[in-house]
Amino acid sequence: MAGPKLITFADAAGSRAGVLLDGGRVLDLAAAMPPARDMLGLIEAGPAMLAAVRVLAANPPAAAVLPLDKVALQAPIPRPRRNVFCVGRNYMDHVAEGDRTRGITNSEVPKFPQFFTKAPDTVIAPGALVPSHTGVTEWLDYEVELVAVIGTAGRDIPKDKALDHVFGWTIGNDVTGRELQRRHGQWFKGKSLDRSCPMGPVIVPRADLDASDLAIGLKLNGEQRQSSRTSKMIFDVKEIIHQLSAGFTLLPGDVIMTGTPEGVGYAMQPPQTMKTGDVMELTIEGIGTLTNAIGA
């Protein structure tokens, strides 16, 4: 049986953790088991809490079930406690696109993971609008990425133990102002525009999904732009966690975006940028689809 699809949702009673059930229903974990009020609390509570959630999701109490259309999905972790950790240029064919980027990146294959961050308040919900940031960037671009959510703290994590520290998997969209990425050298500015990190719609627990070889893709206005597999990463999730944790403590609830495959707009011939009204649909096998549009 598939594992629980964990969500954060909100209604008039506030924001809280839940499970997305079949049939357009939501299990309100705060009502079913009050210690699981929010996603960070659920993650920090460890394996025993997740085991209890599994039991409830398999036989949800009617009093704790809500209609999905009566609540609003939020990002699984609506505001990460720290910056969103990211890896750049982590798919070989995306690196090759560097030959066509007018100097935004280069096509040399990285020898080590290239880390950068997005500010925590860039994170937005499934369905939320991403600002066009007209006047700030004319090169707004998309990037579908597998996101690892850390469940257990650790520093200097050995590669063969890295997945033990992962709580689960979700989807992220590293929306980027490309000319800002180039202009400022260090990528933080181009990657940290307000509301530039849609995330969700669910977290799938690590034990329920082998993320080493999943189909990953993105459609823009129904047109397939990105299509690859997570097995094509240059540095896999285990290596990313091993390298990032060297001398640096990862904490429960940290999120790590693991890089995007080829097919981004700025490397197309001619380059394509996003505009108000464009709809991005990001899909990763076993997780689901994250949909957001570009607003004004």
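A few remarks follow.
- Among the residues of the stretch 90-108, the ones that are open to solvent by 60 Å² or more (accessible area, probe 1.4 Å) and at pLDDT 85 or above come to 1 in all.
- The conditions of being touching an Asp or Glu at 6+ places or on another chain (Cβ under 7 Å), crowded, with 22+ Cβ neighbours inside 10 Å and among the hydroxyl-bearing types (Ser, Thr, Tyr) are not met by residue 273.
- Between 154, 200, 172, 168, the distinction of being touching a Cys at 6+ places or on another chain (Cβ under 8 Å) and closer than 26 Å to residue 44 by Cα belongs to 172 only.
- Within the stretch 212-263, restricting attention to residues that are in contact with a Leu (Cβ under 6 Å, 6 or more places away or on another chain) and over 14 Å from residue 150 (Cβ atoms), the residue that is surrounded by the most Cβ atoms within 10 Å (Cβ to Cβ) is 218.
- Subset of the stretch 155-173 [surrounded by fewer than 19 Cβ atoms within 10 Å (Cβ to Cβ) and in contact (Cβ under 8 Å) with a residue 40 or more places away in the chain]: 155, 156, 158, 159, 160, 163
- All positions within the stretch 282-296 that are under 17 Å from residue 228 (Cβ atoms), of a type outside the set (Val, Ile, Thr) and surrounded by 19 or more Cβ atoms within 10 Å (Cβ to Cβ): 282, 290
- From the list 237, 204, the one residue that fits, being under 16 Å from the mean Cα position of the chain (by Cα), closer than 30 Å to residue 24 by Cα and touching a residue at least 40 places away in the same chain (Cβ under 8 Å), is 204.
The values are calculated or read from the model by the stated rules, or taken from the named source; none is laboratory data. Quick caveat: nothing in here was measured; it's all calculated off a predicted structure. All Cβ positions, even for glycine, are placed from backbone atoms using ideal geometry, and neighbour counts span all protein chains on display. The protein model used for the area step is the full one, side chains on, heavy atoms only, and it has no ligands, DNA or RNA in it. Shrake-Rupley method; radii C 1.70, N 1.55, O 1.52, S 1.80 Å.
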